[in-house]
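Student: First the structure, then my questions, so here it is.
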Amino acid sequence: MAIKMFTQKKILVLRNFTVEPTLNELEDKLLKKNIKCKFDISTYDSSINEVLKFKKKKIDEYNAVLVLFSLELFIQKQKNLDIALKNFKKSIFDLSHILTQKKFKNINLFYLFSNELMKINLKKYNLINNSLKEIHRINKDISVFNLAEEINLFDNKNKFFDNNYFKNTLFPFNGEGQNLSSLILYIKLRNIFNLDFKLIILDADNTLWNGIIDERGFKNIKFLDKIKKINYLTFHSKLKKLISQGFILALSTKNDLSLIKKTFSFHSRKKILKLKDFACIKANWEPKYLNINAILSNLKLSIDNAIFIDDSNFEINSVNKLLPRLECFNFYKYKNLHINLDKIIANKNKNITKEDKKRAKLYLQENKRIKEQTKFINYQEYLKSLKIKLRVKKNSKKNIERLSQLTLRTNQFNSTTLRFGEKDIRSILNDKKKIIYECSAEDRLGDYGIIAVAIINLKKEIAIITNILMSCRALGREIENYFLNFIVIDLKKNHKIKKIKALYKKSEKNNLIKKFFNKNFSKEIKTSNYYCNTNKKFKSVEYKLMSVNEK
């Protein structure tokens, strides 16, 4: 029996109300992703004093900070509303300042005030709400969320609070609220732990439209449900918005493919999604977990970056049982889901790159390549037919966002899984003892964009590859071999390097690059690292270089 590998994470929780029930559910959700979290929880009244005592060594232990503060408790202690608001605001600003000064990582601030718990003047509510949201504008290292507003994205927030329970236990939520608040924190932590959603797998009947094709006929399908107050075209518009932000759509439906095609074609004049908006379509009568596995395999995406949306609890439960790591949403569970899906699953603090905006197009092009491959018996002939061209740049400052994004998102072909923010990339580019190589590609079917990065440290006659990585959608075409060969030749020719050392740090997902290193390097004794001398040549297709070393 295989032993599960858990990634260990440590999170500091600073709060002034009871959060333990929510954190218990959050812990269970993260375990499904093989993430084992340890929460260090502050006392109710002394968060600031506790943080002030922290030394750098202890600070570095934490992967993230969750700050959860409720205004209601300030009002309870100080009956004068104006003074309570002033103290609340000051406490949060002081705590935010201390956390950034001490250089804590991944600070997520959730403030809570809701009329369901305590009535306050609406004008004063808006003033302090706007003031607290300024924290992120002033300091980009802190993500700021109004917890009640986050709940409202899913459903009417007054359904989830329990005033009596709050008075007795300082826990503000009922059972449903406990589950939803843990889901909200979970989605934010996913972004921190580089588990951003990339792929949305959708059912069709009663998810993309109102009704079942087989019962109503494709001509009679509707896009409005007056009883449930759902406009399916609104949902389509949100999905289109997510596509523009770099999300990929796939379809898994128990229908005949011909009927799905007829439905989209017949209703094409409406502002609905088109079939071409889906990077992969599985319309058949197979169990959905099989189709979902096929979709993930076709698109070369991890189950950890996917979300499945269906209207049927039966389908969701069966998928959950067989694919427990897949995130599943019932389309009808929360009445605002179809209106706010983009706000719920997208990372609002993430920069959208050029590659993000055209990602769906890139995956559609990749499907064409897969179909093309079936025409060839010889794989090398297939590679030649693509007419792949490469562009390699060294220390270019034009694509810092994309380079950072690749280090943050790439898992399977990533030698050390080191993550670099944009500030880190800029720092490396300004260091004369370091080099960043990047590789982009195109072929006769389309542009791949920037697909590979290598970060090198120079030490006299030795070069250390601290990280080399490549997007999974570009693997299998020997580009990785060519890229490595190019780096070795350049290091020898232009930097007088005689030996190359490649660092390797095992993760749950990067066994692929270990095989690559085993094939191309020699293994160091007593370490997990690899080495070669610069006289070595790596076998690869002789691709055409469009340009080299552009800065």
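The values are calculated or read from the model by the stated rules, or taken from the named source; none is laboratory data. For clarity, every value in this text was computed on a predicted model and none was experimentally measured. A quick note on method: Cβ atoms are made from the backbone with ideal geometry, for glycine too, and the neighbour counts reach across all protein chains shown. Calculation scope for accessible area: heavy atoms of the full protein, side chains included, ligands and nucleic acids excluded. Shrake-Rupley method; radii C 1.70, N 1.55, O 1.52, S 1.80 Å.
Student: Please report, in debye to the nearest 20, how large the charge dipole of the chain is about its Cα centre when each Lys and Arg carries +1 at its beta carbon and each Asp and Glu carries -1 there.
Tutor: 2360 debye
Student: Hey, can you find the accessible area per residue of the chain for me, probe 1.4 Å, expressed in square angstrom?
Tutor: Heavy-atom SASA per residue in the chain reads 48 Å².
Student: Moving on. For 169, 374, 18, give the ranking by accessible area with the largest first, probe 1.4 Å.
Tutor: Working: 169 50, 374 115, 18 15 Å².
The ordering from most to least exposed comes out as 374, 169, 18.
Student: Keeping the other protein chains in place, figure out the carbon and sulfur percent of the accessible area of region 23-71, with a 1.4 Å probe.
Tutor: The computed percentage sits at 53.
Student: Also, I was wondering about something else. Which of the three applies to region 409-517, rounded, prolate or oblate, going by the alpha-carbon gyration tensor with a ≥ b ≥ c and a/c under 1.5 meaning rounded?
Tutor: rounded
Student: Could you tell me the calculated FRET efficiency between residue 369 and residue 169, based on Cβ-Cβ distance and R0 = 56 angstrom, to the nearest 0.05? Present the calculation step by step, with values, prior to reporting the outcome.
Tutor: On the way: r = 57 Å, r/R0 = 1.02.
For residue 369 and residue 169, the calculated efficiency is 0.45.
Student: Quick one: Cα centre-to-centre distance for region 8-57 and region 67-141, in angstrom?
Tutor: Computed from Cα coordinates, the inter-centre distance equals 19 Å.
Student: What residues qualify as long-range amide H neighbours of residue 352, i.e. H under 5 Å apart, gap of 5 or more or another chain, H built at 1.01 Å from N?
Tutor: Close amide H contacts, sequence-distant or interchain: none at all.
Student: Using 29 Å as the Cα-Cα cut-off, could you pick out the over-long pairs in 343/393; 358/384; 357/499; 188/433; 56/526; 274/384?
Tutor: Going by Cα-Cα distance, 343/393; 357/499; 188/433; 56/526; 274/384 fall outside the 29 Å limit.
Student: Each residue of region 8-19 in turn: what ³J(HN,Hα) in whole Hz from Karplus with 6.51, -1.76, 1.60 and θ = phi - 60°, glycine and Pro shown as x?
Tutor: 8, 10, 10, 10, 8, 10, 10, 8, 10, 9, 5, 10
Student: With all distinct Cα pairs included, what does the Kirkwood hydrodynamic radius of region 275-433 come out to in Å, to one decimal, could you say?
Tutor: 19.2 Å
Student: Follow-up. Using heavy-atom solvent-accessible surface (probe 1.4 Å) with all chains present, what is the largest-first order of 437, 289?
Tutor: 289, 437
Student: Looking at the P(r) of region 258-347, how many percent of alpha-carbon pairs lie beyond 16 Å? Please list the in-between numbers first.
Tutor: Details: 2561 of 4005 pairs.
Result for the distance tail: 64 percent.
Student: Using each residue's phi in region 442-455, evaluate 6.51 cos²θ - 1.76 cosθ + 1.60 at θ = phi - 60° and report the 3J(HN,Hα) Karplus result to the nearest Hz, with x for Gly and Pro.
Tutor: Using θ = phi - 60°, the values come out as 8, 9, 5, 9, x, 9, 7, x, 7, 10, 8, 9, 9, 10 Hz.
Student: Carbon and sulfur: what percent of region 173-311's accessible surface (1.4 Å probe)? Working shown, then result.
Tutor: Working: 2750 of 5480 Å².
Carbon-and-sulfur percentage of accessible area, whole number: 50.
Student: Would you mind counting up the charge near residue 310? Only other residues with Cβ under 15 Å from its Cβ, with Lys and Arg at +1 and Asp and Glu at -1. Write down the numbers at each step before the final one.
Tutor: Numbers: positive: 254, 282, 288, 321, 333; negative: 203, 205, 286, 311, 315, 327.
Result for the neighbourhood of residue 310: -1.
Student: Counting only the heavy atoms of the protein chains, how much of residue 264 is accessible to a 1.4 Å probe, in Å² to the nearest 10?
Tutor: Residue 264 has an accessible surface of roughly 10 Å² with all protein chains in place.
Student: Taking a ≥ b ≥ c as the square roots of the eigenvalues of the Cα gyration tensor of region 149-278, is the shape rounded (a/c under 1.5), prolate (a/b larger than b/c) or oblate?
Tutor: On the way: a/c = 2.96, a/b = 1.84, b/c = 1.61.
Prolate shape, in that a/c is at least 1.5 and a/b is the bigger ratio.
Student: Could you tell me which of rounded, prolate or oblate describes the chain, using a ≥ b ≥ c as the square roots of the eigenvalues of the alpha-carbon gyration tensor, with rounded for a/c under 1.5 and, failing that, prolate when a/b is larger than b/c and oblate otherwise? Working shown, then result.
Tutor: Numbers: a/c = 2.17, a/b = 1.23, b/c = 1.77.
Because a/c hits 1.5 or more and a/b fails to exceed b/c, the chain counts as oblate.
Student: Can you send over the carbon and sulfur percentage of the accessible area for region 344-449, probe radius 1.4 Å, protein chains only?
Tutor: Numbers: 2540 of 5260 Å².
Carbon and sulfur together cover 48 percent of it.
Student: Now for a separate question. Relative to a virtual label point 7 Å from the Cα of residue 268 in the Cα→beta-carbon direction, which members of region 218-248 show backbone nitrogen distances below 17 Å?
Tutor: Hits in region 218-248 for residue 268 at 17 Å: 218-219.
Student: For region 177-189, take each phi angle, set θ = phi - 60°, evaluate the Karplus expression 6.51 cos²θ - 1.76 cosθ + 1.60, and give the result in whole Hz per residue in order, putting x for glycine and proline.
Tutor: x, 4, 5, 5, 4, 5, 5, 4, 4, 4, 5, 5, 5
Student: Additional query: Sort 7, 416 by heavy-atom solvent-accessible area, probe 1.4 angstrom, most to least.
Tutor: 7, 416
Student: A further question follows. For residue 7, enumerate residues with amide H under 5 Å from its amide H, sequence gap 5+ or separate chain, H modeled in the peptide plane.
Tutor: Long-range HN contacts for residue 7: 35, 36.
Student: Determine the gain in length on full extension of the stretch residue 50-residue 98; use 0.36 nm per residue of separation and subtract their C-alpha separation, reporting nm with one decimal.
Tutor: 16.2 nm
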